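In what follows, a structure is listed as structure tokens, so that the remarks can point back to it.
The values are calculated or read from the model by the stated rules, or taken from the named source; none is laboratory data. Just so it is clear, the structure is predicted and the values come from calculations on it, not from any experiment. Cβ coordinates were reconstructed from backbone atoms using ideal geometry, including for glycine residues, and neighbour counts include every protein chain displayed. What goes into the accessible areas is simple: the full protein's heavy atoms, side chains included, and nothing from ligands, DNA or RNA. Shrake-Rupley method; radii C 1.70, N 1.55, O 1.52, S 1.80 Å.
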Amino acid sequence: MTRCALATLTALTLVMSCTVARGQDSAHQARKAYDDRHYATAAALYVQAFEQNPADLELLYGAACAYALEGDRPAALATLTLAFQHGYVNADVIEHDTDFASLQTEPRWLTLLAQMRARAAFDARLWDSPALATGYRANLSDDEKIAGLSKFWSEVKYNFVYVEQLKKLDWDALYLAYLPKVRASTSTAQYYRVLDELCALLQDGHTKVVAPDAVRDKARARVPLRTGMIEGHVMVQEVFEPGLRAHGVLPGMEITAVDGVPVRTYAARMVTPTISASTAQDRAYRSYGYALLEGERSVPVNVTFKDARGKTSVQALQRMAWDDWDKLAVRPEPFLMRTLTGGVAYVALNSFGSAQAADAFMAAFDQIAPSSALIIDLRDNSGGSSNVGYRILATLADRPFAKSGWSTRHYKPSYRAWGTALPNFDGDPETVPVDPLRRYTKPVLLLTAAGTFSAAEDFALAFDAMGRGRIVGEPTGGSSGQPLTIALPGGGHARICTKQDRYPDGRLFVGIGVQPNLLVHPRVADLRRGSDSVLQAALAQLHTASNRSDAQRRGAPQSASKGAQ
């Protein structure tokens, strides 16, 4: 490349960077105007942002929402039509978005949705054709099985964000190795187990094969227990079925064997090979959790239990379909709150699957605000939408804070033909503004564990990066990202991670976990007596910090404060 051409390219790159930056500024202003219900202003800013960044169709979508809420239905429809003309075809999202409620009486509304669906169906012939989304049968044909394997292999090859892992595994060689395994499967259930085992080799918690419901209910039925590994022992944590309690199966009992095989050996042989996980803690959490005792619904599983006195017994546990299991399983509410000793507010955020946790937090903020300190518990939060957590973090921040940085693959076929490297596309961390109405300034601690996953880890990461308080407990699951969902033959599907998330400063946590400042593990004794050593450690941290602050206010040396405890 000549010096003149290089200078021109550099100048063009700078212009494009400045244009994108201006677009991001307009988008941030548009979102703020939308949140403040200044819809006409928001619409104009969204349109301006789109003009500066025409690749982002969500900006047109935002403008259409603002126009509709402002009452300008012609402009809203015209903007949605423009989004469609540029390639937006997600009719289901539009149809169920309450922002567009006023458009549903417009004659053009149904026509536009139909056009989007028709275009989406046409586009699916390339990426997710119905030809490979065949219905469930007890044993798929060899052609369907091989086609499904081939689709999963190719989608992973071109979309899985962790390219170095594909190179280490030699993904093409694995494809060849798994062809005979797929052909040898004698049922759809066996076939999906083979795909599970292949997927598990990717070692990513956001990449997973999901079997059809019929396979899940027949071959992966569950027992009404919640189990987990504590201090190296597989423990019963909850019993959902009263009949089991009547037969002496209680929380705090240890599982020592399954079908006569020592429990660790059983898990290593029957469970762990199919577990897709990014970290050792996540793999153990899944292997010794709900997946441990899954199996054929028609075949009882013989479990050897040991109680606190060392007495053993064997129980034949009947497995049940997932719908029946869901009816029995006790799931914590997305938001739980109580006041602890010393006026400490304890808030459990158990799910970001809907806005319920953030909505409840905002509703309870006037009760939280007077507390002496706040403990937020994410140990049972497996994720959902990161934006739910960011709404809560915005009440704890004294300045705008950064979301996670990210990257995705930037595949350009011509680059490959030229032998040019294929760099990733790096996304700069976006910032979240502080809540203009609520601000909590007291000490905050965060509780985490291996069950803290995905969007809950995004919360923990942002909390850690902003330096708002200490994290107490165990490392998080170590997996976040944006899954791409593809249909597979027989009614199943797969999710493939397309985005690598990281700390705003570039530090990695996927494959590692967000690390606590104070490492505290649960204990078997805690489970048996109904106590919580992690929570107690957090309270002790607050007590120590309070004593230190008192000593500093009195002008006393910290050592005197410690000696007086």
For residue 210, work out the one condition from (1) under 25 Å from the mean Cα position of the chain (by Cα); (2) over 25 Å from residue 286 (Cα atoms); (3) not charged (D, E, K, R) it doesn't fulfil. (2)
When segment 253-273 is checked residue by residue, the ones that are in contact with a helix residue (DSSP H, G or I) (Cβ under 7 Å, 6 or more places away or on another chain) and crowded, with 19+ Cβ neighbours inside 10 Å are 255, 257, 258, 267, 271, 272
Scan segment 76-92 for residues that are within 30 Å of the chain's Cα centre (by Cα) and either under 23 Å from residue 44 (Cβ atoms) or not in a helix (DSSP H, G or I) (or both) and jot them down. 80, 83, 84, 86, 87, 88, 89, 90
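Out of the helices (runs of 4 or more DSSP H) lying entirely within segment 347-414, which hold 1 or more residues that are touching a residue at least 24 places away in the same chain (Cβ under 8 Å) and among the basic types (Lys, Arg)?
Filter on segment 347-414 gives 386-393.
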Quickly run through segment 342-353 and pick out the residues that are of a type in the set (Gly, Ala, Ser) and either open to solvent by 80 Å² or more (accessible area, probe 1.4 Å) or modelled with pLDDT of 95 or more (or both). 343, 345, 348, 351
How about segment 93-105: which of its residues are open to solvent by less than 60 Å² (accessible area, probe 1.4 Å) and in a loop (DSSP other than H, G, I, E, B)? 97
Yes/no for residue 308 being open to solvent by 50 Å² or more (accessible area, probe 1.4 Å), touching a Gly at 6+ places or on another chain (Cβ under 8 Å) and of a type in the set (Gly, Ala, Ser): yes
Among the residues of segment 20-75, write down those that are more than 29 Å from the chain's Cα centre (by Cα), buried (at least 23 other Cβ atoms within 10 Å of the Cβ) and not small (Gly, Ala, Ser). 45, 67
Any residue at all in segment 274-289 that is of a type in the set (Val, Ile, Thr) and surrounded by fewer than 20 Cβ atoms within 10 Å (Cβ to Cβ)? no
Checked pairs for segment 266-292, first touching a residue at least 40 places away in the same chain (Cβ under 8 Å) and assigned to a loop (DSSP other than H, G, I, E, B), second β-branched (Val, Ile, Thr) and open to solvent by 20 Å² or more (accessible area, probe 1.4 Å), C-beta under 8 Å and 6 or more apart or across chains, list as 278/510; 279/512
Picked from segment 404-429 (must be closer than 30 Å to residue 362 by Cα and surrounded by 17 or more Cβ atoms within 10 Å (Cβ to Cβ)), the residue modelled with the lowest pLDDT is 429
All but one of (1) among the aliphatic types (A, V, I, L, M); (2) part of a strand (DSSP E or B); (3) open to solvent by 50 Å² or more (accessible area, probe 1.4 Å) hold for residue 235, so report the exception by its number. (3)
Hits in segment 204-232 - residues which are closer than 19 Å to residue 270 by Cβ and assigned to a loop (DSSP other than H, G, I, E, B): 211, 220, 223
Elements of type strands (runs of 3 or more DSSP E) contained in segment 436-510, each with 3 or more residues being open to solvent by less than 10 Å² (accessible area, probe 1.4 Å): 444-448, 470-473, 493-497
In contact with an Asp or Glu (Cβ under 8 Å, 6 or more places away or on another chain), among the β-branched types (Val, Ile, Thr) and either assigned to a strand (DSSP E or B) or surrounded by 19 or more Cβ atoms within 10 Å (Cβ to Cβ) (or both), is that true of residue 249? no
Checking residue 140 against (1) hydrophobic (A, V, I, L, M, F, W, C); (2) open to solvent by 40 Å² or more (accessible area, probe 1.4 Å); (3) in a loop (DSSP other than H, G, I, E, B), which single condition isn't satisfied? (2)
When you check residue 356 against the structure, is it over 18 Å from the mean Cα position of the chain (by Cα) and either surrounded by 15 or more Cβ atoms within 10 Å (Cβ to Cβ) or not aromatic (Phe, Trp, Tyr) (or both), yes or no? no
Of the residues 108, 125, 117, which is touching a helix residue (DSSP H, G or I) at 6+ places or on another chain (Cβ under 7 Å), open to solvent by 90 Å² or more (accessible area, probe 1.4 Å) and either in a helix (DSSP H, G or I) or within 20 Å of residue 155 (Cβ to Cβ) (or both)? 117
Between a residue in segment 304-315 that is outside any strand (DSSP E or B) and any residue that is surrounded by 12 or more Cβ atoms within 10 Å (Cβ to Cβ) and among the charged types (D, E, K, R), which pairs come within a Cβ distance under 9 Å, given they are 6 or more apart or on different chains? 307/254; 308/254; 308/528
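Name the single residue, out of those in segment 316-341 being open to solvent by 80 Å² or more (accessible area, probe 1.4 Å) and assigned to a strand (DSSP E or B), that is nearest to residue 300 (Cα to Cα).
Checking each candidate, the answer is 338.
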Check on residue 142, out of contact with any Ser or Thr (no Cβ under 6 Å at 6 or more places or on another chain) and within 30 Å of residue 37 (Cα to Cα): no
Please work out which one of (1) in a helix (DSSP H, G or I); (2) among the aliphatic types (A, V, I, L, M); (3) more than 19 Å from residue 387 (Cα to Cα) is the condition residue 59 fails and give its number. (3)
Go through (1) within 19 Å of residue 469 (Cβ to Cβ); (2) at pLDDT 95 or above; (3) not charged (D, E, K, R) and name the single condition residue 543 misses. (2)
